[in-house]
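The values are calculated or read from the model by the stated rules, or taken from the named source; none is laboratory data. As the structure is a prediction and not an experimental result, all values here were calculated from the model. Here the Cβ is made from the backbone with ideal geometry for all residues, glycine too, and neighbour counts use every protein chain on show.
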Amino acid sequence: MLKATAVAAVIAAITVFAWFRGWLPVRSNSAASAETAAIATAGPETASPTPRTSPGGTDNPQNTAVKPPARQSGLDLFQMGDYEAAIPRLAEEITKNKTSASLYGALASCYEKTGRPAEAQAAWSKLAENCPKAAERSSALTRLYVAAEGAARVDAGMRLLRECPESAEAAAHVMAIADAAEKHGRPLAAWEALSLALQIGAGNESAIVTRCVTWADALAFSPKEVAELGTVYVVKQGDFVVSIARRHKVDPGVIERVNKLKNGGIRAGQRLKVLTAKPAIEVSIRKLWLRLYLNGLLARQFPVCTGNLDESPTPIGDFSVATKLVNPEWTRPGQRAVPHDDPENPLGTRWMGFAEPGYTSYGIHGTIKPETIGTHASNGCVRMRNEHVEELFDLVPSGTPIHIHE
């Protein structure tokens, strides 16, 4: 009993000493009472002591990281209709991705929605410049065209046609662009737009052909100087049409026809227009016409006769002019040649044979049966009226490409 009392006294003395030294935590009665009340209120399931971990540990609720809300992209803001907020965000994103058509398009649309047309046009222009293969490019060029005025609108329209010729936007605006070009004194641009309209099937075909031929007569087959189509040569003493043609790498016939020369007669000091535009021929079997293009511009359309569809169809594909003959003989394997003035010779006054192996017996020629023009009645060649084939003969040199399709 005395021994136990002594031990208790020693423990009490040590405790008092430790308390004075600050080795034991100070705990107020109010804190203890509050904790006791909290434990009593919480019940047995929550009364267990809160685990303690080192500072910064994940078990400390004061140190749990709270994720900030996700930052919305410019496209998200644009789709939400918050155009003002989207503009700086899109501009920032474009600096990191300068080839994104969707970012440029959204930015341009935001500017339009907020009444800032100049900034919108700048954004559409950037899209057209920086995204050459984007599907949105034709729409951007169309916006630039619609927004432009006067002669600038013609330039913007021609850019749309030249850079996106197969787009729906080009088809929708091509005739308006042609009219605007004509109105603002841009005949070559008008001719180009009309030629494209034919290729993409926009507008009244026969009316467009008539307008194209009219421009060809005014710009190509006239004394008018058009640098894109040809040049003017002043005849010197001792010149001949043949030598002038050889110097400019054209056929003599084109100089004679364009300048309306008779028998090749020229004089020193005479100004001759030399048509250097590159010709090409297109033949439609189904529509029974032949078209002549100069630098891609429709210059002439002639009615033709093509091969019998069942027995001797005209070949389809790409060919080129090889032999050119005036008043050709008609030759057949194993038989005598038939002279050009023989009633049995069907070739008319001109022959332009194909160059490709296996097709050298085919060609474009005149006819002694003009009533067959507009039908499928030949042995596979392309027949033309003699006056038409003579004009074509003068305008196309050997090597001229020929495209034949259905």
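Among the residues of region 139-161, is there at least one that is surrounded by fewer than 18 Cβ atoms within 10 Å (Cβ to Cβ) and closer than 22 Å to R291 by Cβ?
Within region 139-161, not a single residue is surrounded by fewer than 18 Cβ atoms within 10 Å (Cβ to Cβ) and closer than 22 Å to R291 by Cβ.
Output yes when any residue across region 321-332 is surrounded by fewer than 16 Cβ atoms within 10 Å (Cβ to Cβ) and among the charged types (D, E, K, R), and no when none is.
For region 321-332, residues surrounded by fewer than 16 Cβ atoms within 10 Å (Cβ to Cβ) and among the charged types (D, E, K, R): present.
Can you tell me which residue in region 395-406 is farthest from the chain's Cα centre (by Cα), limited to those that are of a type outside the set (S, T, N, Q) and farther than 11 Å from L292 by Cβ?
Of everything passing the filter in region 395-406, P397 is farthest from the chain's Cα centre (by Cα).
Suppose we filter region 106-121 for residues that are touching a residue at least 12 places away in the same chain (Cβ under 8 Å) and out of contact with any helix residue (DSSP H, G or I) (no Cβ under 6 Å at 6 or more places or on another chain); how many remain?
2
So A207 clears everything in (1) among the aliphatic types (A, V, I, L, M); (2) within 25 Å of S284 (Cα to Cα); (3) at pLDDT below 95 except one condition, right? Which one?
The single condition A207 does not satisfy is (3).
Among what's in region 224-262 and is more than 37 Å from the chain's Cα centre (by Cα) and among the polar types (S, T, N, Q), pick the residue that is surrounded by the fewest Cβ atoms within 10 Å (Cβ to Cβ).
Looking at the filtered set, the residue picked out is Q237.
Regarding V389, is this residue out of contact with any Leu (no Cβ under 6 Å at 6 or more places or on another chain) and of a type in the set (V, I, T)?
Spelling it out, V389 is indeed out of contact with any Leu (no Cβ under 6 Å at 6 or more places or on another chain) and of a type in the set (V, I, T).
Suppose the filter is assigned by TED's automatic domain parsing to the domain that holds V389, over 12 Å from I364 (Cα atoms) and polar (S, T, N, Q); does S312 pass it?
The answer is yes for S312.
Somewhere in region 332-350, is a residue farther than 17 Å from V382 by Cα, at pLDDT 95 or above and within 45 Å of the chain's Cα centre (by Cα)?
Looking for residues that are farther than 17 Å from V382 by Cα, at pLDDT 95 or above and within 45 Å of the chain's Cα centre (by Cα), one finds none in region 332-350, hence no.
Counting only residues that are loosely packed, with under 12 Cβ neighbours inside 10 Å and aliphatic (A, V, I, L, M), which one in region 53-78 is modelled with the highest pLDDT?
Applying the filter and picking the extreme gives A70.
Sort through V154, V146 and tell me the only one that's in a helix (DSSP H, G or I), out of contact with any helix residue (DSSP H, G or I) (no Cβ under 6 Å at 6 or more places or on another chain) and β-branched (V, I, T).
V146
For I373, only one of the following conditions fails: (1) closer than 22 Å to E205 by Cα; (2) free of Cβ contacts under 8 Å to residues at least 40 places away in the same chain. What is its number?
(2)
Among the numbered conditions (1) in a loop (DSSP other than H, G, I, E, B); (2) more than 21 Å from C212 (Cβ to Cβ), tell me where K324 comes up short.
Against the list (1) in a loop (DSSP other than H, G, I, E, B); (2) more than 21 Å from C212 (Cβ to Cβ), K324 comes up short only on (1).
Which residue out of K260, K287 is basic (K, R), out of contact with any helix residue (DSSP H, G or I) (no Cβ under 8 Å at 6 or more places or on another chain) and under 25 Å from F240 (Cβ atoms)?
Only one candidate qualifies: K260.
Taking the options L194, L160, name whichever one is part of a helix (DSSP H, G or I) and free of Cβ contacts under 8 Å to residues at least 60 places away in the same chain.
Just a single option satisfies the conditions, and that option is L160.
Would you point out which residue out of E228, E169 is in contact with a helix residue (DSSP H, G or I) (Cβ under 7 Å, 6 or more places away or on another chain), in a loop (DSSP other than H, G, I, E, B), of a type in the set (D, E) and closer than 27 Å to E149 by Cα?
E228
Looking at this structure, is T314 out of contact with any helix residue (DSSP H, G or I) (no Cβ under 6 Å at 6 or more places or on another chain), outside any strand (DSSP E or B) and in contact (Cβ under 8 Å) with a residue 24 or more places away in the chain?
Yes; evaluated as a whole, the condition is true for this residue.
Looking only at region 274-289, count how many residues are closer than 17 Å to R257 by Cβ and part of a strand (DSSP E or B).
4
Run M352 past the list (1) surrounded by fewer than 18 Cβ atoms within 10 Å (Cβ to Cβ); (2) touching a His at 6+ places or on another chain (Cβ under 8 Å); (3) not in a loop (DSSP other than H, G, I, E, B) and report the number of the one that doesn't hold.
If we test M352 against (1) surrounded by fewer than 18 Cβ atoms within 10 Å (Cβ to Cβ); (2) touching a His at 6+ places or on another chain (Cβ under 8 Å); (3) not in a loop (DSSP other than H, G, I, E, B), just (1) comes out false.
Can you pull out the residues in region 340-360 that are touching a residue at least 12 places away in the same chain (Cβ under 8 Å) and among the small types (G, A, S)?
Once the filter is applied, which keeps residues that are touching a residue at least 12 places away in the same chain (Cβ under 8 Å) and among the small types (G, A, S), region 340-360 yields G348, G353, A355.
If I ask for residues that are surrounded by fewer than 17 Cβ atoms within 10 Å (Cβ to Cβ) and assigned to a loop (DSSP other than H, G, I, E, B), which ones from region 79-103 would you list?
Result: G81, D82, N97, K98, T99.
Which ones in region 383-404 are assigned to a strand (DSSP E or B) and in contact with a helix residue (DSSP H, G or I) (Cβ under 9 Å, 6 or more places away or on another chain)?
Scanning region 383-404 gives a single hit, R383.
Could you tell me how many of the residues in region 197-216 are part of a helix (DSSP H, G or I) and either basic (K, R) or farther than 16 Å from N295 by Cβ (or both)?
10
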